[in-house]
1. Mind sorting A:SER45, B:SER415, A:SER112 by how few other Cβ atoms lie within 10 Å of their own Cβ, fewest first?
2. Set the Förster distance to 45 Å, then compute FRET efficiency between A:VAL79 and B:LEU402 from the Cβ-Cβ distance, nearest 0.05.
3. At a 10 Å Cβ-Cβ cut-off, how would you order B:VAL16, B:VAL292, A:VAL94, A:VAL79, fewest neighbours first?
4. What fraction of the Cα pairs in the stretch A:26-111, stated in percent, has a spacing above 17 angstrom?
5. Step by step: find N for the stretch B:218-426, compute 2.2 N^0.38 Å, then divide the Cα radius of gyration by it. What's the final number?
6. What ranking do B:THR407, A:THR51 get, fewest neighbouring Cβ atoms within 10 angstrom at the top?
7. Can you give the net charge of the other residues whose Cβ lies under 10 Å from the Cβ of B:ARG337, counting K and R as +1 and D and E as -1?
8. Which ³J(HN,Hα) values, rounded to whole Hz and listed in residue order, are derived for the stretch B:297-309 from phi using the Karplus coefficients 6.51, -1.76 and 1.60 in 6.51 cos²θ - 1.76 cosθ + 1.60 with θ = phi - 60°, glycine and proline given as x?
Amino acid sequence: MNNKFILFIGLSICLALSPSCEKPGVLCGGNDPGKDLPWLKQEISRISSLTGCNSISRSSYKEQTVFIFSNCDPNIDSVPLLFDCDGKPLNLSVADYQELKFTGSIELIWKSQ
Amino acid sequence: MKETEDQRITDKFRQVFEDFEDPSSEAGWKELRKKYPEASRKPLFFWVGSAAAILLLLSGLWFLNSRLPREIAGKKNLAGEDSKVPYQVIPQDTSELTSAPPITERFKLNEVHANRGDKLPVPDLNEFEIAKTPENYMDTVSSENISQGYPSENITRPLINPVLTTRSELTEKQFISRDSLINALAKMSLIVPLKDFTATILLPVENSKLSSEKSGTKGLSFSLYAGSYFNYAAGSESDLNFGAGFSSDIRLSRNFKFSTGLNLAKNSLRYDQDIPVNADRSFQSSAPSGSVNLVTISNYKAELLSLDIPINIKYIISPDKNDFYILAGLSSGTYLRETYGVQYQNFNTALGAYSNQGQGQQIKKQLQDFDLARTLNVSFGFSMRFSKTQKITIEPFLKHPLAGLGTENLKFGSSGINLKLNFNSLKK
């Protein structure tokens with residue numbers, strides 16, 4: 001009886017803890033991706049030399065962290081460019097762009113002066 | 001002259017012995033068969049062993065009894081030729097049967113009378129009594145008998161031969177022992193109640209039945225249960241929910257049961273981050289992200305009232321006590337109601353901030369999807385019996401998604417505790 005009761009309690013604890021074993025989503029780049037990610041640091045320095053309003057934001061898209069390069073000039077109609085955590089561009093189709101919605105909070109990382 | 005007389009008597013014995021039939025024994029067996037038909041499952045060795053024992057007994061008894069008339073004749077000769085008769089003869093009517101005294105002495109008959117040439121009647125069992133102790137026979141054995149060369153086995157062996165209490169013919173007494181086993185059984189059925197006698201024989205079988213069906217219940221049980229649990233999914237907050245249902249268990253073997261039923265459960269999910277990929281695919285398309293305005297789903301909620309049909313295998317760890325089990329299986333089901341709510345926000349990249357408080361949409365669906373075996377069930381239970389047919393079970397459980405569930409293909413599971421009230425159906 002005692003052994004069974006101990007087994008029962010043990011299994012109950014394991015069962016209760018099992019869903020919480022999943023790691024919460026962590027965004028790529030940490031708290032300061034402009035410094036932690038070399039490719040992003042390099043891109044920021046490159047874009048900084050360009051004229052116009054440009055911005056880099058971070059959010060989630062299709063279960064991954066993406067970096068959004070966009071023209072922030074309200075008079076220019078353009079589409080944002082998405083890069084993954086390693087700096088590779090995501091090739092989105094026209095349909096993808098027509099339905100483009102991010103699935104996480106959007107955070108501004110860098111914006112041109 | 002004596003030899004001729006002896007031979008005649010011997011022939012008479014043999015003839016009657018061969019013609020003897022005992023209808024009462026057949027009736028006895030039939031009565032036994034009526035009471036206990038052949039359908040009862042007994043091991044093969046039980047029947048073989050019983051048959052062998054009966055055959056051995058019958059053959060032994062037949063052998064003994066077939067020798068007895070010859071021995072009588074032999075002893076008569078001895079008595080006739082030798083004046084030293086080693087036993088006292090009490091002749092009361094020995095004018096026609098001079099060889100009777102030795103037998104009467106052995107069986108303690110006070111009087112023997114059998115008319116020469118008479119056909120010996122079939123003995124009536126009701127006229128006899130079974131000897132209760134072997135002393136009746138043993139008392140007649142004297143050291144003198146043994147010293148005279150009489151084999152003591154002839155006297156001591158027929159311990160279960162009936163002692164005639166009537167003054168029947170000597171030959172009757174001898175012939176009875178031919179079917180003595182049958183007679184003994186018939187007699188025992190009179191002395192000991194037949195039910196008790198056979199119950200003693202069948203006791204091992206009955207005991208095994210009792211041990212396998214200790215609870216006295218059928219292999220079918222029903223349960224009503226209710227439980228509380230937390231839903232979990234990647235990115236979702238854990239919400240406390242409730243469910244209820246019933247289940248039925250069908251015994252497959254000593255340790256395994258097949259368990260199924262119906263479960264009504266509310267599932268709610270709330271995503272503030274890590275919104276599912278297809279979260280808004282059922283919604284009307286809103287303005288997509290542009291270069292200046294980025295659209296994001298800031299909040300996503302789902303509430304599903306599921307009708308679940310589990311198919312599980314239950315392993316009972318201690319079948320005798322039936323108090324602890326582990327269960328695993330798959331669930332299929334549909335959703336009586338699905339409610340999804342989504343909230344959008346526009347992020348202005350020029351401002352670097354959200355430009356509005358969000359716009360919400362909500363959709364509802366009913367019975368639009370059936371998920372076949374997309375949930376893995378794992379649980380274990382601890383039961384406490386409080387009556388012969390009822391017990392309470394505490395059952396922690398985990399339902400883990402194997403694929404997307406519902407019309408939005410959300411991967412969510414649940415983990416909680418059910419409280420079950422079990423009802424076992426009694427055997428009729």
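Since every read-out is calculated from the coordinates, none of them should be taken as a lab result. What you see is a predicted model, and the numbers here were worked out from it, not measured in a lab. Cβ: placed from backbone, ideal geometry, glycine included. Neighbour counts: every protein chain shown.
1. Going from least to most buried by this count: A:SER45, A:SER112, B:SER415.
2. FRET efficiency, A:VAL79 to B:LEU402: 0.75.
3. Fewest-to-most ranking of B:VAL16, B:VAL292, A:VAL94, A:VAL79: A:VAL94, A:VAL79, B:VAL16, B:VAL292.
4. Numbers: 1687 of 3655 pairs.
Summing the P(r) of the stretch A:26-111 above 17 Å gives 46 percent of all pairs.
5. Computed over Cα atoms of the stretch B:218-426, the ratio equals 1.27.
6. Working: B:THR407 18, A:THR51 6.
Ordered by Cβ neighbours within 10 Å, fewest first: A:THR51, B:THR407.
7. Numbers: positive: B:LYS266, B:LYS364, B:LYS365; negative: B:GLU303, B:GLU338.
Taking every Cβ under 10 Å from that of B:ARG337, the sum is +1.
8. So the J values, rounded to whole Hz, are 8, 8, 8, 9, 10, 9, 10, 10, 9, 9, 10, 10, 10.
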